[in-house]
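The values are calculated or read from the model by the stated rules, or taken from the named source; none is laboratory data. Computed from a predicted model, the values in this text were never measured in an experiment. Cβ placement follows ideal geometry from the backbone for every residue including glycine, while neighbour counts extend to all protein chains displayed. Quick note on the areas: whole protein, heavy atoms, side chains included, nothing else; ligands and nucleic acids left out. Shrake-Rupley method; radii C 1.70, N 1.55, O 1.52, S 1.80 Å.
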Number of protein chains: 2
Amino acid sequence: MTERVNEAGTVGKALNVLDQVAAFGRPVRFADLLESSEYPKATLYRLLQSLVQQGMISYDAERGVYALGVRLVRLAHQAWQTASIAPVARPYLDALSIEIGETVHLAQLDHGQVLYVDKRNAAVPVEMYSQAGKVGPVYCTGVGKAMLAWSRIDVQTRIIEQQSYHRFTANTLTSRRALRAELDIICSRGFAYDNEEHEPGIICVALPILTQGGHVLGGLSVTSTTARHSLESLAQLVPHMKSTVSRIAEDAESWRFPEQIKQPA
Amino acid sequence: MTERVNEAGTVGKALNVLDQVAAFGRPVRFADLLESSEYPKATLYRLLQSLVQQGMISYDAERGVYALGVRLVRLAHQAWQTASIAPVARPYLDALSIEIGETVHLAQLDHGQVLYVDKRNAAVPVEMYSQAGKVGPVYCTGVGKAMLAWSRIDVQTRIIEQQSYHRFTANTLTSRRALRAELDIICSRGFAYDNEEHEPGIICVALPILTQGGHVLGGLSVTSTTARHSLESLAQLVPHMKSTVSRIAEDAESWRFPEQIKQPA
DNA sequence: AAACTAAGTTTCACTATTTGGAACTTACCT
DNA sequence: AGGTAAGTTCCAAATAGTGAAACTTAGTTT
């Protein structure tokens, strides 16, 4: 027993259901959820009711379908502001983006995945949530590898285990072994490449954003195409990125630890 | 007492705690939460643990502070895509924004508040989450009043009750009575104004986005300043906005109700 | 139109989980 | 050292959650 039981109380179960609804990526009917759920009918039903009542899930009575609720969008706005480095990094991303004119990504680690928290795209205008909030794999993205390379050993080990090592392109690293070797190289080099490992024709350079204590706050990457750049020419941007990264780290640290949190009654 | 107790089970309580953490808008210590919480110490403590374990809240052990977790950002991305009209409306917002060159907002109703789900700003570049995800009051914004005016009577009544009627400017509607009268005018006029009711010098025109069945999907507004426009000149944009709105509604409806949701096993 | 079927909802006895006062453990302040 | 406040754990009592099964509703077949 306890096949994949993750010590989940009622709250955990409810949030699992929330994830399940999210995983579908479209409005779902009760039966769809029931089929892919580990919970019995009545339990699932009541969990859904709770979530709907709380506004985390919306229910379209006419169609009988569940979808994620907009309350999440609101919460996320707060999360983005308080929990991510994005608000702090924003002005630096703007500056970097304008100066180098290529696509810039800001990412953080979340549950063994790369979570993009902000983006600048030179050509295309606003893209909003459709970019920030996206997740990607760690083992075949520049930011992913950069963040992983400087992560605490226990975190690193866990994440290396978690990866799927699906082959996206000819250059994708498809084993823990290959990834570990790559991480060593990245560490000594000081930054990471993505050499068409995720999408053909897409390359990038990425740096980790580190606190003074060496803790990984996030990652910064500049992406381009093989048509416009070689890895070598992208690497010339690294000094510039390094200074951006250190300024973000500095600001993030002073922002995370403001004078006094406590306020008198 | 039981000020805002909503028949909450364990799940509801946990989500209340989540909201509470969100409300602070900064990392908070246990004691801060305890003070503003209706739950006893041990209960609050365990709820927080559940949420942290689930990644909805992050806990900084060094500082002993809780903050919203990045898992929310990921969930919100899904929510934005599946539950909001933003992805559908995007191309039309782009077009409208380019043609009229003023700030455009796309909003939906959430818990008696205006939730902005997308935005176009002619001058300033990308602003990401810092704009989408924001909430505003219904009673003194163009989109808020527009959506409210066409809402089902029970929804409308509830929301009218919920408003704070705080006076932001000389023009703010500060009573249910005044708001009701305004809604009547809006209905017969066919669209809503914000005549410096929220911020001095800021005016806007807003339209509801309605399904064929007359259900409110959201709202669309064009904002400007008194320096650049009068209400009358803004009103000239209404026909253009009307066509945008109807195209969004059309797309949204066909998108919400795709051929068949069910898929064979 | 009646019978059938599938999808969704409610019931209810059972029990596991949650509850919260109080005791305990740190960690900091004097 | 002693004191105080913050955070954590305990445990008996009680609540809230569980899920098989019965029920309702809507849609389909005979």
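Computed values, structure above
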{"item": "Overall Cα dimensions of the protein assembly as shown - principal axes, largest extent first, Å", "result": "70, 61, 55"}
{"item": "Loop-exposed GluC sites (Glu not before Pro) per DSSP, neighbour cap 11 Cβ within 10 angstrom, longest uninterrupted part of chain A", "result": "A:63-258"}
{"item": "Globularity index of the range A:144-229, i.e. its alpha-carbon radius of gyration over 2.2 N^0.38 Å", "result": "1.08"}
{"item": "Within the range A:179-253, trypsin sites (Lys or Arg not before Pro) in DSSP loop having at most 16 other beta-carbon neighbours inside 10 Å", "result": "A:R228"}
{"item": "Alpha-carbon gyration tensor eigenvalues x 5, square-rooted, for chain A, Å", "result": "35, 23, 20"}
{"item": "Other-chain or far-sequence residues with amide H under 5 Å of A:L210's (modelled H)", "result": "A:L217"}
{"item": "Percent of Cα-Cα distances greater than 16 Å, calculated over the range A:1-106", "result": "66"}
{"item": "Cβ-derived FRET efficiency at R0 41 Å, B:C187 paired with B:A61, nearest 0.05", "result": "0.15"}
{"item": "Descending semi-axes in Å of the range A:57-214, equivalent ellipsoid built from Cα gyration tensor", "result": "28, 21, 17"}
{"item": "Accessible area buried between chains A and B, both sides summed, probe 1.4 Å, in Å² to nearest 100", "result": "6300"}
{"item": "Between the range B:136-210 and the range A:162-180, the Cα center-to-center distance that results, in Å", "result": "55"}
{"item": "The range B:10-69: C-alpha gyration tensor shape, a/c 1.5 cut-off, then a/b vs b/c", "result": "rounded"}
{"item": "Projected label distance in nm at A:E250 and B:R152, using a 7 Å step from Cα toward the beta-carbon", "result": "5.6"}
{"item": "Separation in nanometres of the label points that stand 7 Å from Cα toward Cβ, at B:R29 and A:A23", "result": "4.0"}
{"item": "Accessible surface of A:L173 - all protein chains present, 1.4 Å probe, nearest 10 Å²", "result": "30"}
